[in-house]
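Everything below concerns the one structure shown next.
The values are calculated or read from the model by the stated rules, or taken from the named source; none is laboratory data. Here the structure is a predicted model, which is why all the values come from computation and not from measurement. With ideal geometry, Cβ positions are generated from the backbone for all residues, glycine too; neighbour counts draw on all protein chains shown.
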Amino acid sequence: MLSLALAGKPNAGKSTFYTAATMADVEVGNYPFTTIDANRGVSYARTECPCLDRDRRCDSDNCRDGKRYVPVELFDVAGLVPGAHEGRGLGNQFLDQLTDADAILHVVDAAGATDEEGEPVEVGEHDPVEDLDFVEREMDRWLASIIDRNWETIERESRSPDFDIDDSLSEMLTGVGATVADIALVLRNLEYPEDPREWTDEHRRELARELRAQTKPMIVVANKADIAPEGNIERLREAADYLVPATADGELALRRGAEAGVVEYDPGDETFSISGNVSDQQREGLEQIRTVTEQYGGTGVQQALDAVVYDVLDQITAYPVENETKWIDGKGRMLPDAHLLPSGSTPLDLAYAVHSDIGEGYLHAVDARENRRIGEDHELEEGDVIKIVSTAN
Ligand SMILES: Nc1nc2c(ncn2[C@@H]2O[C@H](COP(=O)(O)OP(=O)(O)OP(=O)(O)O)[C@@H](O)[C@H]2O)c(=O)[nH]1
């Protein structure tokens, strides 16, 4: 499962985002780590379900009238403050959690209602643009410190006659969660001496920066958009590579309202309606959320998750089925599973994602939407419904 990390200053709204995004109001299925601990849970990316092309909707609780929610892991890296790499705040222990993150959602207090340390101040008192670089900076220093710690080993290895700097670096970097493909890209973008003893601190810092940029893509969630002073979001947008305005508080209120049956809203909807009895105060709160949903096309929480999964990580959703005409599994459930795969994945990749045995016994695949057999190296597309024929099923 993809793993997404929430990072940002204290009081930016990470816990609120996390609580809203992991509210178990859609079926979690039999994923082993529904709730691993208080800060790690299952959230969803939303996409259009292929059942929209059929005359009936699927029965899965992960599909609501064609809105399909595909599980991803979400965790909250609390306790990250400027200086964390030196052990400030809760320090390195929390940075270490980022090792297995596929991407990072950097939650920024766009209202400027917290200072650089995360202490509350008057709305607008702090300039949130100043907060943008801190997570990247802390991560770069954290990675640089891991590289520094391992440098002695690399220098020792360099005394061996068959020493190869690329091999040694690769071995070290797989230890921090980088794939072989990531490392190849990182090393291609750098110029560095063959002899590790000639490396300067700057070489190691550059390696850390490249590695972070390659393995930990990030989007900025400009939170508290409901109270952000005019112009803040636009200035943040200009300064950030990828930004989604949001109100985490608003999303939480809407999901709770929907659960209580007083609001009609599915996560990621652009708008909502009030359908039950609410107090004047609640109505006022909900109407305040509407100012954000109207301006930005939603609360931004689901939109941020979708942006990370589908834009930044460039994933597609594929649906394995056992019966290619009815799109059901062996138990008669329509489109029971959805798998996120990197764009460019093939039916064989999907087979392995379903189960390693299915991958190993792979014989061929059928595109159920087109009703034709497809080759092993055929590139899957978003929403593909695929029957895999394998000696294992
Ligand atoms: N106005 C407004 N307030 C928000 C929003 N999201 C969160 N808050 C408030 O901001 C404060 C901090 O939110 P938290 O979610 O606890 O922040 P955090 O980043 O998890 O903080 P730490 O746990 O200290 O790291 C709380 O009072 C929230 O209610 C929002 O969208 N709008």
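Numbers at a glance
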| read-out | value |
| --- | --- |
| The range 291-310: number of residues that are of a type outside the set (A, V, I, L, M), under 24 Å from residue 51 (Cβ atoms) and assigned to a helix (DSSP H, G or I) | 4 |
| Residue 333, sole failed condition from (1) modelled with pLDDT of 95 or more; (2) out of contact with any Leu (no Cβ under 9 Å at 6 or more places or on another chain); (3) in the same structural domain as residue 380 (by TED's automatic domain parsing) | (1) |
| Qualifying residue in the range 145-162 (condition: surrounded by 12 or more Cβ atoms within 10 Å (Cβ to Cβ), under 30 Å from residue 13 (Cβ atoms) and touching a strand residue (DSSP E or B) at 6+ places or on another chain (Cβ under 6 Å)) | no |
| Hey, residue 288 in the same structural domain as residue 110 (by TED's automatic domain parsing), in a helix (DSSP H, G or I) and either without any contact (Cβ under 8 Å) to a residue 60 or more places away in the chain or of a type in the set (Lys, Arg) (or both) or not | no |
| So residue 251, is it in a helix (DSSP H, G or I), crowded, with 22+ Cβ neighbours inside 10 Å and either assigned by TED's automatic domain parsing to the domain that holds residue 21 or within 22 Å of the chain's Cα centre (by Cα) (or both) | yes |
| Scope the range 102-123; condition surrounded by fewer than 18 Cβ atoms within 10 Å (Cβ to Cβ) and away from the ligand (no atom under 12 Å from the Cβ); matching residues | 115, 116, 121, 122 |
| Odd one out for residue 123, checked against (1) part of a loop (DSSP other than H, G, I, E, B); (2) outside the structural domain of residue 97 (by TED's automatic domain parsing) | (2) |
| Residue satisfying condition, being within 30 Å of residue 137 (Cβ to Cβ) and either among the polar types (S, T, N, Q) or away from the ligand (no atom under 15 Å from the Cβ) (or both), within set 269, 241, 280 | 241 |
| The lone exception for residue 345 - which of (1) more than 30 Å from residue 305 (Cα to Cα); (2) assigned to a loop (DSSP other than H, G, I, E, B) it fails | (1) |
| Listing of helices (runs of 4 or more DSSP H) fully contained in the range 157-232 that carry 2 or more residues being hydroxyl-bearing (Ser, Thr, Tyr) | 165-174 |
| Every residue from the range 356-393 that is of a type in the set (A, V, I, L, M) and within 28 Å of the chain's Cα centre (by Cα) | 358, 380, 385, 386, 388 |
